[in-house]
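Worksheet: the structure to be examined is printed underneath.
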Amino acid sequence: MTGLVDNRAGLMRLLPRRALLLAPTGVAVLGGVGLLVLRQRFQDQQWQNPVGSSSLVGRKLPAFALSGLPAQPGFGSSDVTAVGRPLLINFFASWCVPCQLEMPVLRSLAQNGLPIWGIAYRDHPDDAAGFLRRVDSPYQRVGLDESGAASSAFDVFGLPESFLVDRHGVVRWYWAGELKADVVRRDLDPLLRAGS
């Protein structure tokens, strides 16, 4: 009987040690499961883009004025409303990989007649100009937001972000993240056909 009590006491002393040895494995497994759940959510379109989550949707464009690339004019909010038709404002940067990936979709929109104006977020003018040459720029005009003031006015929290502005200067649609062809078909095309 004494041997059994000694074995139990020894086992009880070993359990906390084993638990400490197994804790990192448990943390790694839980972390891996958590990452898989987050990855799945980011792949879900509704999680990736909270359409309408911008505080600007349904409101007038904020006031801003930006300088342009070397030897090119910039633009401001009054220039956007002067166009008199829907226009897409797209925030991008030369260092942004998703910005590069969405360029074919933006070019397609531009070729189909939608004016697209870009705002280079916290980018050096030479870097932005080089980037636009490499990707065959879809933008009719580009403004430089080196200070980040325009991005703050638009409540931009990541890149790329796109805002559809109607002919009256009201933001009608918002997309956070890379713009893809299926998003254009599903969300943007119906708005454009409706005359937003």
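Rule-based calculations on the coordinates, nothing more; no lab input. Computed from a predicted structure; not experimentally measured. Every residue, glycine among them, receives a Cβ derived from its backbone with ideal geometry; neighbour counts consider all protein chains shown.
What the table shows:
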{"read-out": "Per-residue Cβ neighbour rank within 10 angstrom, fewest leading, 187, 155", "value": "155, 187"}
{"read-out": "Label-point gap, in nm, between residue 65 and residue 181 - each point 7 angstrom along Cα→Cβ", "value": "4.2 nm"}
{"read-out": "Order of 183, 142 under a 10 Å beta carbon neighbour criterion, fewest first", "value": "183, 142"}
{"read-out": "Pairwise label distance in nanometres, residue 127 with residue 193, each label 7 Å out on the Cα-Cβ vector", "value": "4.1 nm"}
{"read-out": "Rough spin-label spacing in nm, given labels placed 7 Å along Cα→Cβ, for residue 83 and residue 153", "value": "1.6 nm"}
